[in-house]
Amino acid sequence: MIRKRIIYMFATVFLFLIEVLIALYVHDDFIRPYIGDVLVVILIYCIVRMVFPEKIMLLSVYVFLFACFTEFMQYLHIVEWLGLQDHAFFRILMGMVFDWSDILSYGVGCVLLGMYDLVRVYIAKRNEQE
């Protein structure tokens with residue numbers, strides 16, 4: 001159990017560093033808007049798995065719903081409602097612009113996570129049978 005948490009911790013740190021590098025240095029029309037959004041749901045997944053390495057079934061679905069909720073909050077301009085639009089940290093953390101392509105990117109990331117979970121469970125069950 002500890003080993004899994006350590007693996008997820010390293011994955012979290014690695015993905016966070018990639019996200020920071022993308023935010024600071026990548027200003028294109030593909031990696032930043034699409035790959036960054038795919039990676040952010042994987043980052044959230046890893047954060048939750050650090051705390052609950054085995055306990056949450058369908059975590060990828062919950063991460064997708066959370067990401068969609070966050071995107072919906074952007075649609076409602078929550079940052080402006082809270083008066084945080086002058087703070088770069090909150091603008092980056094919460095986002096400022098609703099975009100359907102973000103939801104599509106979150107979906108791609110969560111489908112990859114779902115496939116990962118299926119493989120992980122399959123391997124665990126196969127190892128139990130041996």
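The values are calculated or read from the model by the stated rules, or taken from the named source; none is laboratory data. Predicted model only: the values in this text are computed from it and were never measured. Note that we place each Cβ from the backbone using ideal geometry, even for glycine, and neighbour counts take in every protein chain shown. For accessibility, only protein heavy atoms count, side chains too; no ligands or nucleic acids. Shrake-Rupley method; radii C 1.70, N 1.55, O 1.52, S 1.80 Å.
General observations
- As a summary of the residue check, LEU24 satisfies the conditions (1) open to solvent by less than 50 Å² (accessible area, probe 1.4 Å); (2) at pLDDT below 95; (3) of a type in the set (A, V, I, L, M, F, W, C) except for the one numbered (1).
- When LEU65 is tested against (1) assigned to a helix (DSSP H, G or I); (2) out of contact with any Lys or Arg (no Cβ under 9 Å at 6 or more places or on another chain); (3) under 26 Å from LEU104 (Cβ atoms); (4) open to solvent by less than 80 Å² (accessible area, probe 1.4 Å), exactly one condition is not met: (4).
- Which numbered condition ILE78 misses (of (1) more than 18 Å from ILE35 (Cα to Cα); (2) exposed (fewer than 14 other Cβ atoms within 10 Å of the Cβ); (3) touching a helix residue (DSSP H, G or I) at 6+ places or on another chain (Cβ under 8 Å)): (2)
- Output for segment 33-62, where each listed residue is among the charged types (D, E, K, R) and assigned to a helix (DSSP H, G or I): ASP37, ARG49
- When segment 91-106 is filtered for residues that are open to solvent by 70 Å² or more (accessible area, probe 1.4 Å), modelled with pLDDT under 90 and of a type outside the set (Val, Ile, Thr), the ones remaining, listed by number, are ARG91, LEU93.
- On the stretch given as segment 37-58, residues that are open to solvent by less than 70 Å² (accessible area, probe 1.4 Å) and without any contact (Cβ under 8 Å) to a residue 40 or more places away in the chain total 5.
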